[in-house]
1. Among residues other than Y99 whose Cβ falls under 11 Å from its Cβ, what is the net charge (Lys/Arg +1, Asp/Glu -1)?
2. Report the Stokes-Einstein translational diffusion coefficient (µm² s⁻¹, integer) for region 49-97, Rh taken as the Kirkwood radius over Cα pairs, at 4 °C with viscosity 1.567 mPa s.
3. Can you bin every Cα-Cα distance in region 2-65 into 5 Å intervals starting at zero and give me the percent of pairs per bin, rounded to whole numbers?
4. With each label point set 7 Å from Cα along the Cα-Cβ vector, what nm distance links S70 and I27?
5. Within region 76-100, list the residues whose amide N lies under 13 Å from a label point set 7 Å along Cα→Cβ of F7.
6. Over the chain, what is the relative contact order in whole percent, taking alpha-carbon pairs under 8 Å and six or more residues apart?
7. Not counting ligands, DNA or RNA, and with a 1.4 Å probe, what is I28's accessible surface area in Å² rounded to the nearest 10?
8. Sorted from largest to smallest, which semi-axis lengths in Å does the alpha carbon gyration tensor of the chain give for its equivalent ellipsoid, taking the root of 5 times each eigenvalue?
Amino acid sequence: QVQLVEFGGGLVQPGGSLRLSCAASRIIFSRYDMAWYRQAPGKQRDLVAAITSGGSTNYADSLRGRFTISRDNAKNTVYLQMDSLKSEDTGVYYCNAVYSPSRWENFDYWGRGTQVTVSS
C-alpha cells in the first residue's frame, strides 16, 4: 500500500521555526507532484505549498515567503521549512502526493497529518 508519513510537528513559540518531513513509500516518488496542506480547528483544509515533479514551487499568498517547500527524490521525501511562525499557523499539516499519467488515471494520496502548535 502507498504510504505517506509526516514528521516534525510539535509545539513552538511565535517567531520560531519547524521543519516538517513527509516520507513516501511504494510510489515512484519522482513522478509525483507533492504538496503540504494545513487545517486549523473548525476550518477547511487549505494548500500551504506545492512542488511539482519538475521542481517548480508555489505557495499560499498569505505566507509571505516564510515557508519553503523542497524535495529529495533520492530519499522519497518532501520537506516544509517553516520560519517566523505565528499563532495563525497552528493546525494539522498534511502531506499530499498527486500523479496523473493520463486523462483517465489519477493517483492522489494523503498522509495522516502532524500537529503544529504555535503558542507562547
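1. Net local charge, Y99 excluded: -2.
2. Once the numbers are plugged in, D ends up at 109 µm²/s.
3. Over region 2-65, the share of Cα pairs per 5 Å bin runs 4, 13, 19, 27, 22, 10, 5, 1 percent.
4. 2.1 nm
5. 76-80
6. 35 percent
7. Answer for I28: close to 90 Å² accessible.
8. Numbers: eigenvalues 123, 37, 36 Å².
So the equivalent ellipsoid measures 25, 14, 13 Å along its semi-axes.
The values are calculated or read from the model by the stated rules, or taken from the named source; none is laboratory data. In this text, all values refer to a predicted model and were calculated from it rather than measured experimentally. Cβ coordinates were reconstructed from backbone atoms using ideal geometry, including for glycine residues, and neighbour counts include every protein chain displayed. Accessible surface is based on the protein model in full, side chains and every heavy atom, while ligands, DNA and RNA are left aside. Shrake-Rupley method; radii C 1.70, N 1.55, O 1.52, S 1.80 Å.
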